[in-house]
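The values are calculated or read from the model by the stated rules, or taken from the named source; none is laboratory data. All values derive from a computational prediction rather than experimental measurement. Here the Cβ positions follow ideal geometry from the backbone for every residue, glycine too, while neighbour counts run over all protein chains shown. Side chains are part of the model used for accessible areas, which takes the heavy atoms of the whole protein and leaves out ligands, DNA and RNA. Shrake-Rupley method; radii C 1.70, N 1.55, O 1.52, S 1.80 Å.
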Amino acid sequence: MECALAGADLVCWSKLICFSDEPVIAHCEIDAFRYAILHTAARLTRSARALYLRLDRRWAWSKVLARGFLRLRAAFG
């Protein structure tokens, strides 16, 4: 039960920090958030000492996810 509640908290915090400027994502239900953001096709690649997240450009929500990661990086960077 605690794991499920921690997962819900992580989703809520990510909506607040990463997607506050996207009203469709910021105010959607957890199922819609999971479909739009958590199911995005991506690859994690490494080059030298840097890690890159390669998003599928054909996915409708890939640009929203990329902007969300930029906001997350700015918040904790």
Report summary line: Here the qualifying pairs (Cβ atoms under 9 Å; residues six or more apart or on different chains; first in region 50-68 and within 13 Å of ASP21 (Cα to Cα); second polar (S, T, N, Q) and open to solvent by less than 40 Å² (accessible area, probe 1.4 Å)) come out as LEU65/THR40; GLY68/SER14
Query - Given (1) of a type in the set (A, V, I, L, M, F, W, C); (2) more than 18 Å from CYS12 (Cβ to Cβ); (3) open to solvent by 70 Å² or more (accessible area, probe 1.4 Å), number of the condition PHE69 does not satisfy - result: (2)
